[in-house]
Amino acid sequence: MLNPLITAKRILQAAAQVTDSGALVRLIVERIRTALKVDVCSLYVMNEQGELVLTATLGLAENAIGKTRMTPGHGLVGTIAQRQHTLNIDHASQHPRFRYFEETGEERFEGFLGVPMIHLGQTLGVLVVQVRESRRFTEEEEAFLVTMAAHMAGSLAGNLKKAARPTADSQMPVLRFQGIKGAPGIQIAPAYVVKDDIRMEDIPERNGSGVDFERRRIQEALEETQEELDAGLDQLGAGSDTLDSLLEVYKLLLVSPELNQAIEEELETEVSASTALKRGMQRQIAVFEAMEDPYLKARAEDLRVLAVRIYRHMHEELTERIEPDHPVILVGRTINISHFTRIDRDKLVGIVSLEGSALSHTAVLANALGIPAVVGIGDEDLTTLHDTEIIVDGYRGQVVAHAPASLREEFERLTRQERALQADLSHLKTLPAETKDNVRVRLYTNTGLLADITPGLERGAEGIGLYRSEIPFMVHNTFPTEEEQVRIYRGVLTAYAPKPVVMRTLDIGGDKALPYFPIKEENPFLGWRGIRFTLDYRNILLDQIRAMLIANIETQNLQLMIPMLSREDELERFHALVDEAVAQLKEEGHPVSKPPVGIMVEVPAVLWLLPRLRDTIDFVSIGSNDLTQYLLAVDRNNPRVAKLYSHLHPAVLEALRGLVRECRRLNLPVSICGEMASDPAAVVLLLGMGVRTLSLSAFHLPRIKWLIRYLHIGDCIALLDQARDCATEAELRGLINNHLRDLGLNALIQ
Ligand code: PEP
Ligand code: MG
């Protein structure tokens, strides 16, 4: 008897072994046909033009594959796609929706069962089985096909779409890939697919060609790695201190007797040089990973990186510089700092990566360099795009390839418009962000990398409202020392002095992982994040605060901010730690003083805690990214629920309104530093609520200043009131967009 779940699982397991998309769809229809003992099994996949294409069949005429197409609503298959509903019928040819496609030879089959494959609400295709006799399929058969379709839609979506694409001789259809917005901007350029993003785990294992030969190979590779580290790396022009210290760590590890001993022992088992390297490293990694101290534990990741570095020297093709003749968009599973160091800065104009989130390494670097990035595209094969012109749309998180002329022109127009707008707005730099009715708004910038400091200043930021201190930790490959941190923070504080700089203490966990200190949790967003983590590792927090205080001695423009606060005692413990740092440093002879301390409102609980916290905080900053995610219970990085994530949700607006009112009552300065501060519609509402300080990325700053200079606070208050009557977020956006249109601010409409 058919067990739908077990059979479906077996087929999917077999499918997972197949990499070629054509072979994959053939395997699926063949296995389903056998499992159900039917005459026909066919797969129709929706192409980029919205047509359902017969992509694989066993039972219908094979030459109909790729030819038979229908639009939703057309024929039985089109009807299933349109209604997103199963059709189980005994007399297919008599059904009112039946259409005859001559090339298929379908007229011979009467029993028909078709189920839609739906992914994130969209129909991806239709799975059909048919039999000659006139019969309805059983409930069991239907359950099996529905199970198969659901799993296929979830796990094989990319491969299915690929299988539906015509082969090279026909005109290339437009390809769109949806990812996560990594860094804003639009860029059109050829893709450069990096093939070397290997991990230590990917190093293949095999037998060697003699111990002496393999020993020589590894010795050479170790020496070359040593030379490479000695020579240093030509870097991004900023943050090179960070890199130097990183190279120092590698050099020490490279010569460690324990590591060399482990590699030698492995070599003697007659394996290849790379296998000995991998296994020797794994043994050392296990030693570090077992350690309690987070600094030492973090060395495990250094070893992984080092292993790949040495391995590259055994395989020349992996160390080459990336030297295209023209500017390119780097495309890869991950794009990491090593890629940035191997390409000239003026040749790099965009980034696309299969992995990563909005705050991943890749996104952070792209933001710092001011180039668009789309990350987290997921399980797609982009290797065929090498040298193909692609469009990266960092505003929408989309990548488009083979764009028809009209679409390309549209994107070109957008880039021209954007450049013109930025140039037009440059005159705003020295003008205040002041509404028409003379209400002054403070515009600060969000930053994290040294390379990111200048754009904020160039665009007239009045200070830094959010310095994401975890970013230097993320682009590093080990915890930075106190001295390194002092250098980094001093660079930021000095560049902005006397303007204020709000430095947030380390906010890792959730989507922000340190490569050298992985935290594995079932629910990372509800787990060991921000202040929860650092209070458990007092030494890390103490080092960081000490470094910030020392860096602030000359400039005195530092303010400290606590991420992810959710309890009163966390604030008390934080203060105690800052007091301890001040006392220690004074004792050591440093003339430090305690800076103002504020908190981020990211956890909804804080909305009700403010009166209790009031006496021990100097300001609050709304972290609307996390606050929205926690209020709505929507993961901010999960593309499946991305459409549910909205800072214009009525509950979010109501919470913010209450929060700002409460701050006013408590005489507590309030600002906002989440992405909401760069959304023009949201800014109108925030001004209506009474927010007067916004912190946003340097890129968006001129546009928001432009907006503010056209607004009247009275209108903002009225729009905020009308927002309550809007039934949907779309209606609310429409309402504000009309207002922007009336003001002639069409370029700001999102
Ligand atoms: C936020 O949560 O709104 C915020 C600014 O912090 P981050 O995006 O770094 O989590
Ligand atoms: Mg946050």
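Of all residues in region 609-653, those that are β-branched (Val, Ile, Thr), more than 26 Å from Leu354 (Cβ to Cβ) and more than 15 Å from ligand 1 (Cβ to nearest atom) total 2. Among the numbered conditions (1) within 16 Å of ligand 2 (Cβ to nearest atom); (2) part of a helix (DSSP H, G or I), the only one that Ser566 does not meet is (2). If you take the residues in region 202-227 that are in contact (Cβ under 8 Å) with a residue 12 or more places away in the chain and among the polar types (S, T, N, Q), which one is nearest to His313 (Cα to Cα)? If we take residues in region 202-227 being in contact (Cβ under 8 Å) with a residue 12 or more places away in the chain and among the polar types (S, T, N, Q), then Thr225 is nearest to His313 (Cα to Cα). In this structure, does Glu258 turn out to be exposed (fewer than 14 other Cβ atoms within 10 Å of the Cβ), assigned to a helix (DSSP H, G or I) and modelled with pLDDT under 90? In short, yes.
Scanning region 524-563 for residues that are within 16 Å of ligand 2 (Cβ to nearest atom) and of a type in the set (S, T, N, Q) yields one hit, Thr534. Considering only residues in region 665-689 that are open to solvent by 10 Å² or more (accessible area, probe 1.4 Å) and not in a loop (DSSP other than H, G, I, E, B), the one that is nearest to ligand 1 (Cβ to nearest atom) turns out to be Glu675.
Number of residues in region 578-599 that are buried (at least 19 other Cβ atoms within 10 Å of the Cβ) and part of a helix (DSSP H, G or I): the value is 2.
Select from region 186-209 the residues that are part of a strand (DSSP E or B) and aliphatic (A, V, I, L, M) and write down the one among them that is farthest from Gln422 (Cα to Cα). Filtering region 186-209 for residues that are part of a strand (DSSP E or B) and aliphatic (A, V, I, L, M), the one farthest from Gln422 (Cα to Cα) comes out as Val193.
Pairing residues of region 275-299 that are under 14 Å from Thr478 (Cβ atoms) with residues that are at pLDDT 90 or above and open to solvent by 40 Å² or more (accessible area, probe 1.4 Å), at Cβ distances under 7 Å and at least 6 apart in sequence or on separate chains, gives Pro294/Tyr537.
Just so you know, in region 533-548 the residues that are open to solvent by 10 Å² or more (accessible area, probe 1.4 Å) and either over 27 Å from Leu631 (Cβ atoms) or within 14 Å of ligand 1 (Cβ to nearest atom) (or both) include one that is farthest from the chain's Cα centre (by Cα), and it is Arg546. When region 277-332 is filtered for residues that are assigned to a strand (DSSP E or B) and farther than 21 Å from Lys195 by Cα, nothing remains.
If only residues of region 561-577 that are in contact with a helix residue (DSSP H, G or I) (Cβ under 9 Å, 6 or more places away or on another chain) and within 15 Å of ligand 1 (Cβ to nearest atom) are counted, the one that is most open to solvent (accessible area, probe 1.4 Å) is Ser566. Taking the stated definitions as given, is Ser678 of a type in the set (Gly, Ala, Ser), in contact (Cβ under 8 Å) with a residue 12 or more places away in the chain, in contact with a Ser or Thr (Cβ under 8 Å, 6 or more places away or on another chain) and within 16 Å of ligand 2 (Cβ to nearest atom)? Yes, satisfied. For the residues Ile310, Ile285, the requirement of being in contact with a Ser or Thr (Cβ under 9 Å, 6 or more places away or on another chain), open to solvent by less than 20 Å² (accessible area, probe 1.4 Å) and more than 27 Å from Thr388 (Cα to Cα) singles out Ile310.
The values are calculated or read from the model by the stated rules, or taken from the named source; none is laboratory data. Worth saying up front: this structure is predicted, and the values here are computed from it rather than measured. Every residue, glycine among them, receives a Cβ derived from its backbone with ideal geometry; neighbour counts consider all protein chains shown. Accessible surface areas use protein heavy atoms only, side chains included; no ligands, DNA or RNA. Shrake-Rupley method; radii C 1.70, N 1.55, O 1.52, S 1.80 Å.
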